[in-house]
1. Between K159 and R26, how high is the FRET efficiency from 1/(1 + (r/R0)^6) when r is the Cβ-Cβ distance and R₀ = 35 Å? Nearest 0.05.
2. Using label points projected 7 Å from each Cα along Cα→Cβ, tell me how many nm separate H290 and R54, to one decimal.
3. Equivalent-ellipsoid semi-axes (√(5λ), Cα gyration tensor) for region 368-424, whole Å, largest first?
4. Can you list the HN-Hα couplings for region 410-417, worked out from phi with the Karplus curve (6.51, -1.76, 1.60; θ = phi - 60°), rounded to whole Hz and with x for Gly and Pro?
5. Counting other beta carbons within 10 Å of each Cβ, put I85, I369, I397 in order, fewest first.
6. Cα extents of the chain along the three principal axes, largest first, in whole Å?
7. Arrange the following residues from fewest to most other Cβ atoms within 10 Å of their Cβ: E36, E18, E401.
8. How far, in nm, would the chain grow between R279 and A466 when pulled straight, counting 0.36 nm per residue and subtracting the alpha carbon separation?
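Just so it is clear, none of the values below were taken in a lab; they were calculated from the coordinates. Since we're looking at a predicted model, the values are computed, not measured. As a convention, Cβ positions derive from the backbone with ideal geometry for all residues, glycine included, and neighbour counts pool all protein chains shown.
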Amino acid sequence: MTVPSVFTSHLSPAERAEHGRNARRRASRSSHGWYETEYETEQPRPDPVEVIERQSADRVPELVPIRYGRMLESPFRFYRGAAAIMAADLGRLPNTGLHVQLCGDAHPLNFRLLASPERRLVFDINDFDETLPGPFEWDVKRLAAGFVTAGRANGFSPKEQHSVVRTCVRSYRERMREFAGMRTLDIWYAQDDADALGELLASSKDRSLEGEARRRTAGAAARARTRTHLRAFEKLTRVTAEGRRIAPDPPLITPLGQLSAADPSEATREEELQALLDRYARTLPSERRHLLHHYRPVDMARKVVRVGSVGTRCWVLLLLGRDDDDPLLLQAKEAQESVLAAHTGGERYDNQGRRVVTGQRLMQTSGDIFLGWTHAVGLDGRGRDFYVRQLWDWKGIARPETMGPGLLALFGRLCGASLARAHARSGDPIALAAYLGGGDRFDRALAEFAQSYADQNERDFEALEAARRSGRITAERL
């Protein structure tokens, strides 16, 4: 996976900056504020419900109604599951041609507290299911529109929504400017750990808001540290006659033995698990492969996850080490083709799990030590790609529904800065900073775009609700 970059041509910093400024000819900064559907005459906008239905066609049929039910809870929940719709919309707009490794689904709740291998909490992007190289502004636009959608869910005024987005995008622009002046290795080593978060929060002009933000951050960090593999082990497993096994909670958690029409015996299940793990282990560095071999597989269950991923095959793998009190819980999540693939014209991949892992390693500063990929034949007899990681490892998620305008703006500042760091690792921060400039033209344009696209998202949400009422789709809420 490669990202077109002027790094590879060994241009001087001045030449790289000129390259960034020249990109304004392809797409001026103010042009990013434009989002209309008038261009449908040249390239009709796809039916949003049809886009979602196409995604659902290759998912577990009995789980698809759960996906629709979750998306219909609110326009914000819908937005989280509508990355494919937005990718199609962004793909028809003019773009800068300044490529980075894209997250592909940079909505606000994809930014979380995560554990580094050194057992420190860092703030970073969590999921990379849609990652591909592409124009940097696609991620920024998805993040900006997500904050307007979240602000509307909280009853914010248009002025308050506008302020949140401008704060987020300004943070991205200013952080990219910092990276443009840094040495290459310093960019690579940059982390948004607890100390860095404190510095960002301290830049708030509202001291009372800063205090509340610090208290919330400390609380989120404390909660994240309780989300360990041991807590997941206690919550998701039970003692049976065969030993520790994953506790069923269908349809949200369904052990393999309850899904397979084949022999569900203990021996068969362990053989299937071991074969899957052997293929996955080959994608790990040798020292981590050695660590994995200290564990033996004992159980496997299908798990329903998140909003946009509902219906994809996601498995929880239970492994035990020294004894039944020495667990390792892994998540094997199906990796399908990125929603960006049809709109970027990039390279194809022999394994979509490998695509996800490669993109994640490029964008994240501190990755899961068990991050890898595999290929497996499913219960339907079809081969599928997966990426593998730990199920729980100190993850802390924000709760924007509890935030007022000031706090949401501070959260936006953190997300914008984190996205800039991820983009600076794979793209050219000098060219990007030169394109963005020192003024707020790009910030204002993105705030306008975010409002227009949030309107579009609400229309798409209503279209899915109309499809439910007409019987075109079936939605189930759990």
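1. 0.65
2. That separation, rounded to one decimal, is 4.8 nm.
3. Numbers: eigenvalues 248, 47, 29 Å².
They are 35, 15, 12 Å, listed largest first.
4. 5, 4, x, 4, 5, 5, x, 5
5. Going from sparsest to densest Cβ surroundings: I397, I369, I85.
6. 66, 53, 48 Å, listed from the longest principal axis down.
7. E36, E401, E18
8. Details: separation 187, 0.36 × 187 = 67.32 nm, distance 4.43 nm.
My answer for the length gained is 62.9 nm.
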